[in-house]
Amino acid sequence: MKPAPFQYHRVTDLSEATALLAGLENVRLLSGGQSLMPMMNLRYVAVDHLIDLNPVAELSGIEIEDTQVRMGAMTRQRTVLDSDALAARAPIFREALAFVGHIQTRNRGTIGGSLAHMDPAAELMGLAALLNARITVARHDAERDVAIADYVRGYMTPDIEPDEVLASVMFDLWPAGHGWDFREFAQRHGDFAIVGVGTLLDLADDGRVARAALVLIGVDEGPVRLFDVETMLAGEKPTEALFRAAGDMAAKRDMSEDALVSADYRKHLTSVLVERSLAQSCRRAKEGGNA
Amino acid sequence: MPEHHPPGREISLRVNGRAYTATVEDRFSLADFLRQNLGLTGTHLGCEHGVCGACTVLVDGHAVRGCLMLAVQAEGSEVLTVEGLADTDGNLNPLQQAFMDHHGLQCGFCTPGILMTLTVYLRDHPDCDETDLREALSGNICRCTGYETIVQAALSVVRAQRNEVSE
């Protein structure tokens, strides 16, 4: 189908976008368009005004610092996937981004667009939770930072007001030598994951787990950080038995259910994927991780 | 602007090397613009929500969904469609010829999108293998071939490119 008629607005800087946004009714921001345009074509969404952020150069770019990385909201998913500098510091981005849609959608799709759309199975939301993201949203007269823990208000509902623009996101970077893994199970490559798992693992000099971080996607309204499992793993000797126990622990929580997939199946996938993901992260940490 | 005229504007862009200036409705997708305004009906629309890949075209050298990009967003861009692959005498390019030789199409509906996806993928990944190609093709749905002959056609182009390099 074709979208209902709307007025298109091309803006070239952020202040122009926020000023316009403050003065219009029934308006949406257009970033990569890989979720919004399908919804408009199917007429799930009908807007009077569309503000195109694509020409706003200041919203694009990857800035790598010592312990964190900032990405502009309009940074293309392709750009993140292709960044060798980022892959050297945080290789999980490349592994996770390969699961986001297909070549053609990653060429247009953006980081901010995915975070604002907030699909329950969004890999980028998973990375945001895993890497303690802070999201900067701007309005015409101010901006504010939102911690990822406060960002998810409900199903596909981020903490962004109608007059605000998601401007950038800051992710933590882990020290050199950490292990990483991102994997998911979907019916076909490129489909939304039934369950996805991301893990990061840092080993101490004595070979024990110094620090672990785990996240699930596809199982709830937003990404689920497994803080209980992370606490359980800390200080332990990494063994197959430990990772199996972590998988079982991860699966002991309520999970979403839909017409095709039962909660029990999601729990089963979770236990298997968490165990395998931790084993792979551990292997990579032992090999010197990303160093 | 009277209310019954849907919002639109004039855009200028290059398609298959030729410059166009045209007036288009704001809500028109790039694929609809190519088909209806420029008469380039080689770009096909299947699902119109970004799943099937039939509408894939190249914008500034990158494969994109023609149904998920607005025509007005292509202002100033260089677009390549399936019509731009063969030479001006109508001789098929090596990828198109490989599809013909390997029966890489049956009904042909998905073919333009697949050709455009592979055009840029083979350019950027000259050393790709069968696994890479199958993943690269995951964003294009073909309901006739089962993909086997498409992959065979693409692999034959990879082999030919390699031989050219080694010669």
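Relative contact order of chain A: what whole-number percent is it, with Cα pairs under 8 angstrom and at least 6 residues apart?
Relative contact order, chain A: 16 percent.
Scan chain A and hand back the longest stretch that contains none of the chymotrypsin sites (Phe, Trp or Tyr not before Pro) lying in DSSP loops with at most 13 other Cβ atoms within 10 Å.
Between the exposed loop sites, the longest stretch runs A:156-291.
Rank these for me by crowding, B:Met69, A:Met255, going from fewest to most other beta carbons within 10 Å.
Details: B:Met69 28, A:Met255 20.
Listing B:Met69, A:Met255 from fewest to most nearby Cβ atoms yields A:Met255, B:Met69.
Assuming a viscosity of 1.306 mPa s and a temperature of 10 °C, what translational diffusion coefficient in µm² per second does Stokes-Einstein assign to the stretch B:1-126, Rh being the Kirkwood radius over Cα pairs? It would help to have the intermediate numbers written out before the result.
Numbers: Rh = 15.1 Å.
In µm²/s, the coefficient rounds to 105.
Kirkwood Rh over Cα pairs of chain A into Stokes-Einstein at 25 °C, 0.890 mPa s: D in µm²/s?
Values: Rh = 19.7 Å.
Estimated diffusion coefficient is 125 µm²/s.
Kindly rank A:228-235, B:55-62 from highest to lowest mean number of other beta carbons found within 10 Å of each residue. Numbers along the way, then the final one.
Values: A:228-235: 16.8, B:55-62: 21.6.
Order by mean packing, descending: B:55-62, A:228-235.
Using helices alone, I'd like the mean residue ellipticity at 222 nm for chain B: each DSSP H run of four-plus residues gives -39500 (n - 2.57), total over residue count, nearest 500.
-9000 deg cm²/dmol
Specify which residue in the list A:Ile92, A:Ile64, A:Met39 is farthest towards the positive end of the charge dipole of the stretch A:34-100, using unit charges on the beta carbon of Lys, Arg (+1) and Asp, Glu (-1), about the Cα centre.
Selected residue: A:Met39.
Which residue fluctuates most in the GNM of chain A (Cα springs below 10 Å): A:Gln104, A:Gln68, A:Gln280?
The residue with the greatest mean-square fluctuation here is A:Gln104.
Determine the distance separating the Cα centre of the stretch A:130-196 from the Cα centre of the stretch B:112-127; give it in Å without decimals.
What the calculation gives is 31 Å, centre to centre.
In debye, nearest 20, what is the charge dipole magnitude of chain A about its Cα centre with +1 on Lys and Arg Cβ and -1 on Asp and Glu Cβ, if you could check?
840 debye
What trypsin sites (Lys or Arg not before Pro) in the stretch A:242-275 are in a loop by DSSP, with at most 13 other Cβ atoms within 10 Å of the Cβ?
Hits after loop and neighbour filter: A:Lys252.
If one takes the longest principal axis of the Cα atoms in chain A, at what angle in degrees, from 0 to 90 and to the nearest 10, does the Cα axis of helix A:14-23 lie?
60 degrees
How would you rank B:Met116, A:Met118, going from fewest to most other Cβ atoms within 10 Å of each one's own Cβ?
Listing B:Met116, A:Met118 from fewest to most nearby Cβ atoms yields A:Met118, B:Met116.
Just flag the GluC sites (Glu not before Pro) in the stretch A:46-143 sitting in loop per DSSP whose Cβ has no more than 13 other Cβ atoms within 10 Å.
Passing sites in the stretch A:46-143 are A:Glu65.
Could you work out, residue by residue across B:45-57, how many beta carbons of other chains sit within 10 Å of that residue's beta carbon, and then give the average as an integer?
On the way: counts 1, 0, 4, 7, 9, 12, 6, 0, 4, 0, 1, 3, 1.
The shielding value for this peptide is 4.
Could you pull out the trypsin sites (Lys or Arg not before Pro) across the stretch A:134-241 that fall in loop regions by DSSP (anything but H, G, I, E, B) with no more than 11 other Cβ atoms inside 10 Å?
Qualifying residues, ordered by number: A:Arg188.
Every number in this text was worked out from the coordinates using simple rules, so none of it is lab data. Keep in mind it's a predicted model, so treat the numbers as computed, not measured. Cβ sites come from the backbone with ideal geometry, for glycine too, and all protein chains shown count toward neighbours.
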